[in-house]
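Report on the following structure.
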Amino acid sequence: MSGREAADWGYATRSFPLAELEAKTLDFAERAAKVPIELQQLNKRSVHRAMEIMGARAAIRAGTEIQALAFTTEASKAYMAGFRRDGGSVKAQLDQRDTTFGDYRTKKE
């Protein structure tokens, strides 16, 4: 999968050709470095606190064993069997799943 494909499919927020990657990465880092570190730290803590108030950590803890059990079901095993290490099956599997509901990349605008 190319970086452009990863961005198009929603696996990455953006991508650049290899020849531009270093310059674009440094540009982003330089812009981020303009924000004082103490403000970056406080902003990050603020976001984490908001996520905690919304129950993100409790939800992850509460759902872990249920998710583990879900992987043992016949339906889950059948779905997972469709994934291959061929570079294309992940998109195909997710498209098949999401098309059923009209979600994410498959949503018709």
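Brief remarks on what is shown
- Length gained on full extension, residue 39 to residue 66: 5.9 nm, using 0.36 nm per residue less the C-alpha separation.
- If R0 is 41 Å, the Cβ-Cβ spacing of residue 103 and residue 21 corresponds to a FRET efficiency of close to 0.85.
- Folded to 0 to 90 degrees: helix 18-33 orientation relative to the chain principal axis, Cα: 60
- In the context of the full set of protein chains, residues of the chain present 86 Å² of accessible surface per residue (probe radius 1.4 Å, heavy atoms only).
- Positive-end residue of 37, 19, 62, charge dipole of the range 12-62 with Cβ unit charges: 62
- Taken about its Cα centre, the chain carries a charge dipole of about 220 debye when Lys and Arg each add +1 at the Cβ and Asp and Glu each add -1 at the Cβ.
- Partners of residue 44 within straight-line reach, counting lysines whose Cα lies under 22 Å from its Cα and excluding those fewer than 8 residues away in the same chain: 34.
- Shape of the chain, Cα gyration tensor, a/c cut at 1.5: oblate
- Accessible surface of the chain [probe 1.4 Å, protein heavy atoms]: carbon and sulfur percent: 60
- For the range 23-109, trypsin sites (Lys or Arg not before Pro) are listed when DSSP marks them as loop and at most 14 other Cβ atoms sit within 10 Å of their Cβ; the list is 34, 84, 85, 107, 108.
- Within the straight-line cut-off of under 16 Å between alpha carbons, the aspartates and glutamates reachable from residue 107 are 8, 95, 98, sequence neighbours fewer than 8 places apart in one chain being disregarded.
- Three-way shape call for the range 52-109 based on the alpha-carbon gyration tensor, with the a/c threshold at 1.5: oblate
- Summed over qualifying helices (DSSP H, 4 residues or more, each -39500 (n - 2.57)) and divided by its residue number, the chain shows a 222 nm mean residue ellipticity of -21500 deg cm²/dmol.
The values are calculated or read from the model by the stated rules, or taken from the named source; none is laboratory data. Please read these numbers as outputs of a predicted model, since none were measured by experiment. Note that each Cβ is placed from the backbone with ideal geometry, even for glycine, and that neighbours are counted across all protein chains shown. Note: areas computed on protein heavy atoms with side chains; ligands, DNA, RNA excluded. Shrake-Rupley method; radii C 1.70, N 1.55, O 1.52, S 1.80 Å.
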